[in-house]
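Structure, as structure tokens:
Only the coordinates and a few stated rules stand behind these numbers; no lab work does. What you are looking at is a predicted structure, and each value in this text was computed from that prediction instead of being measured. Cβ atoms come from the backbone with ideal geometry, glycine included; neighbour counts cover every protein chain shown.
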Amino acid sequence: MAVAAPPREAQVAAGGGIAWERPVQWGLAIVATFLVVFPLAPLLYQSFLDRPLYEADKALTLGNYGRILTSSEFWGTLGTTLLFGVITTILSVGIGTVLAVLLTRTDLPHRDVLHHLVMVPFYVSPLVLAFAWATIYGPAGFLTIFVRTGIGVTPWELYSVLGIALVAAIYYVPYTYLYSTGSLALTDPQLEDAGRIAGAGPIRTLISVTLPLLRPALAYSVILTLVSAVELLSIPLVLGSPVGIQVLATYLYKLGLVGGQADYGGIAAVSVMMLLAITTLVWAQTRVTGQERRFVTVGGKATRGRVLALHGLRWPLTLLIWLYVILGVVLPLLGIVLQSATAFLSPLVNPFTLLTTQNYVTIFGEGSYVRSIWNSILISTVGGAIGILFIALLALVVYRSTFPYRGWLQYLALYPRAVPGIIVGIGFLWAFLLIPGIGPLRNTVIALSIAFIMRFIPLGFGAIGPSILRISPELDRAARVSGATWLHTIVTILLPLLKPALVSGFVLLFISFLKEYSSAIFLFARGSEVIGTTMIELWRQGNSGPVAALSTIQLAITFVVLVVSQRLFGARLHG
Amino acid sequence: MADTVTAPPSSGQTGRAAAGQDLVVDDLVKVFPGDVYAVNHVSLTIPQGQFVTLLGPSGCGKTTTLNCIAGLEEPDGGRIAVGEAVLTDVSRRLILPPERRGLGMVFQSYALWPHMTVYDNLAFGLKLRKVPGPEIRTRIAEVLELVGLGQLARRYPFQLSGGQQQRVALARAVVARPRVLLLDEPLSNLDAKVREQARFWLREFQQRLGITTVYVTHDQAEALAISDLVAVMSDGRLLQYAPPHEIYERPTSRFVADFIGQTSFLAAVVEEVGDGRARARLTSTGAVITSMLTDNPTKAGDRVLLAIRSERIEVRPDGDPGAENVISATIKSFVYVGSAYEYILDTPGGEIRVAAPQAIVGPEVALYLPPDAIVVLPDDPAAPSSAAPPEAEPPVPLMAPD
């Protein structure tokens, strides 16, 4: 028996030395805290100052709040914002839920193709979607004029609260759709089977069993959509400001960037109040999702339930969804691509006789326009890579360490969700103004990258977190017992296992950074333009052709990145 | 030391503890939020080279104890050492991280790293210990040979069967020559049949290496079959720590008697003690029962429980209900389990379970309770354990089995 009996003395792994575990964790926590607090502190400070925070002789005051709260413009704007938010949420969650149930739980034909088409707005900048809709359905839009020529009256008014809400709803449908399909995938199909056995028909089962099980996902979607709609800048800006419809985000935009003197105190006061309101909503949402466990049916079962047979309803319902997808998404996007290649787009003239490259020449002929494209790609690539790595490490500290403040860190990582993009931009701008020594960074792509990373920590966290939780903690425990330190375990076990999630998370950040404009609007300067800011600039000058060209370029980059990442790395951004 | 209830093999006994590499857990405490004592002042010594099982129902604290030994959880009190090497000493704020303890562990899910081959899984710990390359290769070859998987070094974990994965996990745990091998229910993911074979194989493997082993399971049959010593835990407390046969034959508390095997209990009052016997009068019928075993000190007038295993009860269809240690019973129900007929019988003192080799002709029967099969237990339902005194003798199966 002596053959294999090892000597008794134990070998303990070498390299006791310094324990890097805590310093690294503290470092990550401090950077995260800094990222989140950095833009918010100056806002709070400025909201109590009687003049811009970089000026001398400033004094503390409550005047900003007083001025805003007694302004009828503010109250009117608030009312419009709430109306817009509620209509958007109802439309978006309603459409998203119906689509999710129909496309994952029934025998609808074409559901694979439709699934992809429904998700398209997820990858498109809301700015581009707004331009696209204006191209087709705006007062001078292609379809508007086409119908008006036919029946003699203007059929719809896109530049209205309802019109803006409809476009915003289509932009947010993928979010509800994602959460609902995710929740449906985790639902034990036996629950539906039990409903059928108990005597319920297919539709009855959908209504009495499937839908109630979706409640947590719906509650989550409602609050997420409402919060996002309230902070949305682009669609109300493009479709609302021409006719004087104003929401809080465009109000802030006007206070800061339109007209002569920016009202610093007013901007700060509005921002702080918006933050408070949204924080409350987000807090309510965490309460709602905190209860989600109650609804967790048998977890993670991969087995697909039998789909429900719709019989006679199959084709009518499919047709309806096709109509939604074509009118809501495909047609506007095709329209803007077509517009980018024509002198002007009108149903009265065959567009193919007006083909031109002039819009692209305009873009590529102007240094700052080209620079904005390169800046966007640079920020998306480098900033996205740094961002996803940072976020992954943060998530590992939260989920896989003994760091004493990890619970708090998780809250912190998710908090930027409650900060509207335009406020992130203002906050970072003022922080750079206020803190001496980092001035040169202001108005560089570095500043933009930092702001973008902060803004999308929750998104990256949401992409990486579940993947971490799916890795059995016994795998890291085994590494620890085998002699690896926490850091070594992260590097040799967890990060390699997370590679698919890191790739997907990177693509997600890349696309989000490429789309991002709202936090850049206050922060960019000559030299650090991005596609979004250039589009708004061109739009304000009334150059719809070059706007369309730039939109098309952004769509093309997104498309290439999506295809390459899926073909080469098998990245899955959802589902 | 607080109210520790057990008598682990005493370390002061002969001085042999100091000489060896015994794993000593002293007064271990782990409190979870909400003042839940997951481990409640547990002390036990695991002698060098022995196979010790922590046994108990889920939530009894056995896995927490194991994780405290491994350093995966930080206890709130106590001391853990292997020979001279102190792994944890809460009073000195010393808690070595898991990677500095020199232990090996097999997890319930095996925890084989899916992105590494079998070879890389095994090499991981050796590289961290700066073992030279050629030696890594020979050691891995050796240990894979030992578990009978020599030809699978280049496979990935997902290409292996459950039994093979379990062996790889075991190989990985011992390849770096750990001080102690920790096993967290490593057989629970195997099919029943494979599992029984794995049990024998694991025991043989441990004896060949002669490695000190702590094994956690909730399966009492497994614990009895595989261990040198069994530590029965409940509610964070260590109730009894003894060799398997003693755990089975001479439980010191109702919980242990109930948890292991099939046991019936009859309430009684002790009449007299002496001469290696105890005589007790059943509370229900007043019949007098004689018991041979008096591990638990009792005196006349004590309220006790008489515990008896179902397979030790003899059925006497023609027995005289008035005779000594004979009680009358009525058949209530039975199941046939292949190796026996298992009966539930009604007696005035409550239900009694009997495993009989043949079918019983009923419904009225007489049951003979052999004096040497009866264990007298303190009848203290509030704290079934706290009355357990130190065992009369420390368990001494400390000889190596060869």
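Structure values in brief
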item: Sum of -39500 (n - 2.57) over DSSP H runs of 4+, divided by residues of chain A (222 nm, nearest 500); result: -21000 deg cm²/dmol
item: Which of B:Lys332, B:Lys127 has the fewest Cβ neighbours within 10 Å, and the rest in rising order; result: B:Lys332, B:Lys127
item: Cα-centre dipole for chain B with unit charges at Cβ (Lys and Arg positive, Asp and Glu negative), debye to 20; result: 1860 debye
item: Kirkwood-Stokes translational diffusion coefficient of chain A, alpha-carbon pairs, 25 °C, 0.890 mPa s, µm²/s; result: 95 µm²/s
item: Whole-number percent relative contact order across chain B, with pairs defined as alpha carbons under 8 Å at least 6 apart; result: 17 percent
item: Cα-Cα separations in the range B:90-232 greater than 24 Å, expressed as whole percent; result: 31 percent
item: Options A:Gly427, A:Ala549, A:Val491, ranked by Cα towards positive dipole end of the range A:422-575, top entry (Cβ charges); result: A:Val491
item: Taking the range A:491-561 and dividing mean pair separation by its residue count, relative contact order in percent (alpha carbons under 8 Å, at least six apart); result: 27 percent
item: Inter-label distance, nm, simple model (7 Å from Cα along the C-beta direction), A:Ala309/B:Glu142; result: 6.7 nm
item: Footprinting exposure proxy for A:Leu233, A:Leu158, A:Leu281, B:Leu54 (fewest neighbouring C-beta atoms within 10 Å first); result: A:Leu281, A:Leu158, A:Leu233, B:Leu54
item: 20 Å binning of all Cα-Cα separations within chain B, expressed as whole percents from 0 upward; result: 25, 49, 23, 3
item: Value of D in µm² per second that Stokes-Einstein yields for the protein assembly as shown, Kirkwood Rh from Cα pairs, at 10 °C (1.306 mPa s); result: 47 µm²/s
item: Aspartates and glutamates whose Cα lies under 16 Å from that of B:Lys299, excluding same-chain neighbours fewer than 8 positions away; result: B:Glu271, B:Glu272, B:Asp275, B:Asp379, B:Asp380
item: Which of A:Pro316, A:Ser183, B:Val376, positive extreme of dipole for the protein assembly as shown (C-beta unit charges); result: A:Pro316
item: Acute angle (nearest 10 degrees) that the helix B:133-146 long axis makes with the longest principal axis of chain B, alpha-carbon atoms; result: 30 degrees
item: Chain B: calculated mean residue ellipticity at 222 nm from DSSP helix runs of at least 4, using -39500 (n - 2.57); result: -6500 deg cm²/dmol
item: Spin-label model distance (nm) - B:Glu272 vs B:Glu74, 7 Å beyond Cα toward Cβ; result: 6.1 nm
item: Cα centre as origin, Lys/Arg/Asp/Glu Cβ charges: the protein assembly as shown dipole, Debye; result: 3420 debye
item: In nm, spacing of pseudo-spin labels at B:Ala323 and A:His115 (7 Å Cα→C-beta vector); result: 7.5 nm
item: For chain A, size of Cβ-based charge dipole, Lys and Arg +1, Asp and Glu -1, in debye; result: 1100 debye
item: R0 of 60 Å, Cβ-Cβ distance A:Arg204-A:Leu495: FRET efficiency to nearest 0.05; result: 0.80
item: Length gained when the stretch A:Val370-A:Ile435 is fully extended (0.36 nm per residue, less Cα-Cα span); result: 20.3 nm
item: Which of B:Cys68, B:Cys60 has the fewest Cβ neighbours within 10 Å, and the rest in rising order; result: B:Cys60, B:Cys68
item: Percentage relative contact order, the range B:93-182, counting C-alpha pairs under 8 Å, at least six apart; result: 51 percent
item: Cα convex hull of the range A:170-275 - mean projected area over all directions, nm²; result: 9.0 nm²
item: Rounded FRET efficiency, nearest 0.05, which uses the C-beta distance separating A:Phe344 from A:Gln566 and R0 of 45 Å; result: 0.80
item: Estimated vicinal HN-Hα couplings, Hz - the range A:452-462 in sequence order (Karplus 6.51, -1.76, 1.60; Gly, Pro = x); result: 5, 4, 4, 4, 10, 3, x, 4, x, 4, x
item: Residues B:Asp372 and B:Ala300, FRET efficiency given R0 of 25 Å [Cβ-Cβ distance, rounded to 0.05]; result: 0.75
